[in-house]
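S.K.: Pasting a structure here, questions to come.
The values are calculated or read from the model by the stated rules, or taken from the named source; none is laboratory data. Since this is a predicted model, take the numbers as computed values, not measurements. Note that each Cβ is placed from the backbone with ideal geometry, even for glycine, and that neighbours are counted across all protein chains shown. Protein only, heavy atoms only, side chains kept; ligands, DNA and RNA dropped before computing areas. Shrake-Rupley method; radii C 1.70, N 1.55, O 1.52, S 1.80 Å.
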Amino acid sequence: MFFSGFSYQHHQPAGSPVDAAAAAPYDDSDHNLTVLLTFGIFFSFILLYLVAGVIWASAVTACAVALSFCYLKARRRSAALRRGAALRAAAAAGAPGGAVVAAVALSAIPAFPYKREGAIAGGGDGATGWAQCVICLGLVQVGEVVRRMPACKHLFHVDCIDMWLRSHSTCPICRAAVELADGQPAPELPV
């Protein structure tokens, strides 16, 4: 055994009477039991600390996830309140209905960098086709920031469509209404 070299025997001075019980107060089975209990207690504390650490880490992670959900819910609520405030402010200022819708539509339509659509499965660069902004009559380059109309899926430069929506509430091409319904899903972005 690992600690077999250690001895619990007492050293008796020479000439003293030797008692069999006093000469070996501990036998080998007591020694093994003591070592086993010492290591058992030591490893049980290590295991206890590991389990407590896992429980603590799980609790902290659960709290972080709950706080994230609360933050996102509050952020969505404040965005809806801002849209409502913009709508009320525009109505109070006497703006026409189109300008009110345009103020709400600008904050609801996401902007994203343009990527070509229509990838070919056979390989190569995979991108075909092109897009044109009908407001400025310019081609949309890969990487330019654009907006896609949610109802009709037409694509425009951000600066062009923002200027258009400040005075109109419809798509410049097909005249579809820009207003998003509350339950309507967000527009699909190209991949």
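S.K.: Scan segment 39-93 residue by residue and report those that are open to solvent by 90 Å² or more (accessible area, probe 1.4 Å) and within 20 Å of the chain's Cα centre (by Cα).
M.R.: Across segment 39-93, the qualifying residues are Leu67, Phe69, Tyr71, Lys73, Arg75, Arg76, Arg77.
S.K.: Moving on to the next point. Note down all Cβ pairs under 8 Å where the first residue falls in segment 55-83 and is closer than 18 Å to Leu106 by Cα, the second is open to solvent by less than 80 Å² (accessible area, probe 1.4 Å) and among the small types (Gly, Ala, Ser), and they're at least six residues apart or on different chains.
M.R.: Within 8 Å, the pairs are Ala79/Ser107; Arg82/Ser107; Arg83/Ser107; Arg83/Ala108.
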